[in-house]
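Comments concern the structure below.
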Amino acid sequence: MLRFIGERALHAAVVVILATIGAFFLMEAVPGDSAASAVGPGATAEQYQAAREELGLDEPLATRFADWAGSMASADLGNSLIPPNQPVTEMIGNALPVTLQLAFLSIILSLAIAVPVAVWSAYRRGGVFDRVASVVAFAFISVPSFVAGLLLIYLLVFNHSFAQQLILGVAVVVGLVVALSPLGRRGGPGAPGVMWGRSLIAGLVVGGVLASIALLLPEFPRQGYVPLAEGLGENLRSIALPALTLALMEVAIFTRVLRTDMISTLQQDFVLSARAKGMPTGHVLVREALRPSTVSIITLAGISLGRLIGGTVVVERLFNLPGMGSMIVDAVQNDNLPVVLGGVIVIAVFYVVVNMTVDVTYALIDPRIRRG
């Protein structure tokens, strides 16, 4: 296992180095004048020339790359060209926690919703719950993030009471659908009361949970971010809507992938054997079928996490969050090259680390992978 981790770490280091070199030359190829951004529109010709010399823009590209690589080796990403000329590492240190919290919350929220929905959809394949979940999943996939964010703002910020009533209505409908689900199954109405009793309890639980969410639904801020140091409750309230906006599409994708894997696993001999031995449904679904079905969703969650860390620009802008996306977009608009370069490199490093973690998790779940 240690050899496997070492090989993956070596591959990750090579990818990070190549990505870093690629980012430097890509930024050099982008049109723009860093010296003009540094001195501002009111600078004299002498100030402009002094800025070019200070930034090394008159030096050959090879010399600039050697100087930059030397700074990178000492973890120096330079300073922002825009006043107050903060160190880039300090700017990233302020923005990165916001983006990481947003990405991790989105993935956790997505998995918390998608796993139980996918497991039950696979178990009740073709049933009412499965069909409703499929329709909702396709709807979530079809809605872009910025549209979902605007809808959530409209419902949960500007029409809070209406949102509570809407969720209560959904709670009643979903509870009734789950409670009456035996109607669509062979022998349901005539079966002993055990099946109907379970469906009734399930309907009450699902409806009760949704009703509780409606009654306890807090009021969310339209924009802005409250740091964790100012209180966990306010922090979560400020980032809940952006996380939910990002999570909606991930929920749909995770549900579809895990449902397909679960359906395949439920038809395997060891699962059929467990069911034939009279194992409880919960044991069969969770202990026997869920674990071997999680390989795909672990890969997907890792890829999604890396994508979210580097791709939350729209949502950060929509909710005015001071994350990495907002920082990089502002830097691009101002030709602030050191900030753009530092942000791209940090995101690349996180993306590679997340993918390496996924590979190692693979090997822990399935030993055949590290032998292959």
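Numbers at a glance
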item: Condition check for Val115: buried (at least 18 other Cβ atoms within 10 Å of the Cβ) and out of contact with any helix residue (DSSP H, G or I) (no Cβ under 6 Å at 6 or more places or on another chain); result: yes
item: The one condition in (1) at pLDDT below 80; (2) within 29 Å of the chain's Cα centre (by Cα) that Val88 fails to fulfil; result: (1)
item: Lone qualifier among Asp67, Asp58, Asp76 - being within 30 Å of Ala229 (Cα to Cα) and open to solvent by 50 Å² or more (accessible area, probe 1.4 Å); result: Asp76
item: Subset of the range 135-188 that is free of Cβ contacts under 8 Å to residues at least 60 places away in the same chain and among the hydroxyl-bearing types (Ser, Thr, Tyr) - its residue that is surrounded by the fewest Cβ atoms within 10 Å (Cβ to Cβ); result: Ser161
item: Pairs where the first residue, in the range 48-62, is over 14 Å from Gly32 (Cα atoms) and in contact (Cβ under 8 Å) with a residue 40 or more places away in the chain and the second is outside any helix (DSSP H, G or I) and open to solvent by 70 Å² or more (accessible area, probe 1.4 Å), C-beta under 8 Å, 6+ apart; result: none
item: Any chance Ile253 is touching a Lys or Arg at 6+ places or on another chain (Cβ under 9 Å), within 26 Å of Ala133 (Cβ to Cβ) and touching a residue at least 60 places away in the same chain (Cβ under 8 Å); result: no
item: Members of the range 3-14 that are open to solvent by 70 Å² or more (accessible area, probe 1.4 Å), among the aliphatic types (A, V, I, L, M) and either closer than 16 Å to Val358 by Cα or touching a Lys or Arg at 6+ places or on another chain (Cβ under 8 Å) (or both); result: Leu10
item: Hey, Gly342 within 16 Å of Gln86 (Cβ to Cβ), in a helix (DSSP H, G or I) and open to solvent by less than 40 Å² (accessible area, probe 1.4 Å) or not; result: yes
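The values are calculated or read from the model by the stated rules, or taken from the named source; none is laboratory data. Computed from a predicted structure; not experimentally measured. Positions of Cβ are backbone-derived with ideal geometry, glycine not excepted, and every protein chain shown enters the neighbour counts. Side chains included, ligands, DNA and RNA excluded: accessible areas come from the protein's heavy atoms. Shrake-Rupley method; radii C 1.70, N 1.55, O 1.52, S 1.80 Å.
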